[in-house]
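Heads up: the structure comes next, in structure tokens.
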Amino acid sequence: MEADAVARRAAGRGYRPERMISSTALRCRQTAEIVQRAFDEALPLMFVDELYNAPVETYLDIVAENSGLASLMLVGHNPSIEEVLEKLIGADESASTIPTGYPTAGLAILDRPDDDSPFWYLADFLTG
């Protein structure tokens, strides 16, 4: 399964979120549980109904609500996840990173800017 391969690669690179928030949709729940096993069974995992068919603003609100965390992972749906990436890193960077669209089991690793930059930094992008 692609999610398992991506989760293992992410764990191997030392990417471990402080919290994971997932849609309640079956496929998202399955993906989140695979990721949780790959990182650490104790990884806090929350399921949020509002992410199912949610607009990009809902995802961005969740990111803002968790801004005090060192790291956060979202497991959600397209096209919203793709739109979130574009909003956070900018349209040009997003288009060059995922020219054919956000892939299933894709994992974007982003860093918040320390300066006045309006965009986050894309540190890595993993796919199955």
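A short reminder: the numbers here are calculations on the coordinates, not readings from a lab. Here the structure is a predicted model, which is why all the values come from computation and not from measurement. Neighbour counts are summed over all protein chains in view; Cβ atoms, including those assigned to glycine, are modelled from backbone coordinates with ideal geometry.
The helix-only estimate of mean residue ellipticity at 222 nm for the chain, built from DSSP H runs of length n ≥ 4 each weighted as -39500 (n - 2.57), is -12000 deg cm²/dmol after division by the residue total. Amide H to amide H distances under 5 Å link SER22 with MET46, PHE47, VAL48, VAL75, where only residues 5 or more positions off or on other chains count and H is placed in the peptide plane.
Panel order for VAL75, VAL48, VAL84, by other beta carbons found within 10 Å of each beta carbon, from fewest to most: VAL48, VAL84, VAL75.
Once you have the Kirkwood Rh of the chain from its Cα pairs, apply Stokes-Einstein at 4 °C and 1.567 mPa s and quote D in µm²/s.
Numbers: Rh = 14.8 Å.
D = 88 µm²/s.
In this structure the amide hydrogen of TRP120, modeled in the peptide plane, comes within under 5 Å of the amide hydrogens of ILE89, none closer than 5 places in sequence on its chain.
Using the Stokes-Einstein relation with a Kirkwood hydrodynamic radius computed over Cα pairs, the translational diffusion coefficient of the stretch 54-128 at 25 °C and a viscosity of 0.890 mPa s comes to 193 µm²/s.
For the options LEU43, LEU69, LEU85, a Gaussian network treatment of the chain with springs between C-alpha atoms closer than 10 Å singles out LEU69 as fluctuating the most. Take the alpha carbon atoms of the stretch 44-61, find their center, do the same for the stretch 1-33, and report the distance between the two centers in whole angstrom. The distance from the Cα centre of the stretch 44-61 to that of the stretch 1-33 comes to 15 Å.
Over the stretch 42-128, Cα pairs under 8 Å with separation of 6+ residues give a relative contact order of 21 percent.
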